[in-house]
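See structure below.
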Amino acid sequence: MKSASAIKAILFDKDGTLIDFEATWGPVNQQVGLLAAGGKAELSKIILDRCGVDAATGKTRAESPLAIAAADEIADALMEAGSRLSKTELVDGLHTLFADAARSAVALTDLPALFTALKSQGLGLGIASSDSRQAVAETVNIFGLNSLVDFHCGYDSGFGPKPESGMIHAFCAAVELEPHQIAMVGDSTHDLKMGKAAGAGLTIGVLTGTGTWETLRDFADVLIPSIADLPALLAVKHG
């Protein structure tokens with residue numbers, strides 16, 4: 001494993017990394033299906049299955065559009081899966097649903113405590129999501145992270161989508177560091193591929209989202225159960 005000793009900042013994915021994916025997004029995805037299907041329950045099931053929600057379990061499959069894609073990409077997938085709504089109608093509807101989701105998000109751990117512990121060791125902290133910048137900002141505000149986060153962005157912040165490297169370069173500019181000095185933490189290959197593309201010093205996969213050991217192992221320098229394990233990994237005193 002690469003050494004964590006040179007890491008001076010951490011960029012986090014949001015959903016599945018900081019936020020419990022199924023608890024937060026499971027109900028939202030059902031609403032997405034009904035939106036795309038014009039309220040028709042059977043068509044909604046078909047569309048959701050084609051876009052990544054397992055019909056038998058209700059769980060979101062790793063690497064599927066509803067697991068990793070941004071709103072405009074999800075809209076394309078919904079249309080391909082059978083939605084008769086226009087892309088504009090879908091994107092507008094998705095933004096509304098996703099903004100509501102931010103207000104009912106379930107954290108995977110005590111985020112203020114974790115971020116305070118990391119920040120106290122001089123680490124820069126950021127959040128980069130495939131959700132909208134509005135939803136990310138609302139999440140930061142809801143969980144009281146405003147004074148602890150140096151940077152946050154969404155797919156529509158102007159830095160390009162994951163797995164392109166733009167979000168990481170923007171974070172590096174904000175904290176005045178080079179990519180090799182930062183760690184990228186996420187639950188999907190999009191997160192980790194972004195880290196690799198930018199030359200991040202460490203790519204850390206977490207197993208709290210839709211990603212699995214099998215899907216993440218080839219892109220992660222290290223895999224940990226959750227972000228709660230970061231202090232031990234980085235030798236940070238927590239609590």
Report summary line: From DSSP H assignment alone, runs of 4+ in the chain each adding -39500 (n - 2.57), the sum over residues rounded to the nearest 500 puts [θ] at 222 nm at -13000 deg cm²/dmol
Report summary line: With the 8 Å Cα cutoff and a minimum separation of six or more residues, region 15-169 has a relative contact order in percent of 21 percent
Query raised in the report: Under a 1.4 angstrom probe, counting protein chains only, how are 147, 157 ranked by accessible area, largest first?
Result: 147, 157
Report summary line: Burial-style ranking of 91-99, 199-207, average other-beta-carbon count within 10 Å with highest first, yields 199-207, 91-99
Report summary line: Of all DSSP beta bridges having both residues in the chain, the percent classed as antiparallel (nearest 5) is 10 percent
Query raised in the report: What pairs from 162/196; 87/193; 14/45 go past 18 Å between their alpha carbons?
Result: 87/193; 14/45
Requested in this report: Quick one: angle between helix 133-142 and the longest Cα principal axis of the chain, in degrees between 0 and 90, rounded to 10, please.
Outcome: 60 degrees
Query raised in the report: Could you give the angle, 0 to 90 degrees to the nearest 10, between helix 189-198's Cα long axis and the longest principal axis of the Cα atoms of the chain?
Result: 50 degrees
Query - FRET efficiency, residue 235 to residue 57 (Cβ-Cβ, R0 45 Å, nearest 0.05) - result: 0.75
Query - Between helix 41-51 and the chain: long-axis angle, C-alpha atoms, 0 to 90°, nearest 10 - result: 40 degrees
Report task. Name the shape class, rounded, prolate or oblate, that the alpha-carbon gyration tensor gives for region 174-239, where a ≥ b ≥ c are the square roots of its eigenvalues, rounded holds for a/c under 1.5, and otherwise prolate holds if a/b is larger than b/c and oblate otherwise. Result -> oblate
Requested in this report: Return one whole number: the accessible area per residue of region 106-236 in Å², for a 1.4 Å probe.
Outcome: 38 Å²
Query raised in the report: Considering the values [x] 49, 41, 27; [y] 53, 33, 31; [z] 46, 35, 34, which represents Cα extents along the principal axes in Å as calculated for the structure under consideration?
Result: [y]
Query raised in the report: Sorted by average packing, counted as other Cβ atoms within 10 angstrom per residue and highest first, what order do 70-78, 128-136 take?
Result: 128-136, 70-78
Report task. Report, to the nearest whole %, how much of the accessible area of region 164-239 belongs to carbon and sulfur atoms, 1.4 Å probe, protein only. Result -> 51 percent
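The values are calculated or read from the model by the stated rules, or taken from the named source; none is laboratory data. Since the model is a prediction, treat every value here as computed from it, not as a measurement. Cβ: placed from backbone, ideal geometry, glycine included. Neighbour counts: every protein chain shown. Note: areas computed on protein heavy atoms with side chains; ligands, DNA, RNA excluded. Shrake-Rupley method; radii C 1.70, N 1.55, O 1.52, S 1.80 Å.
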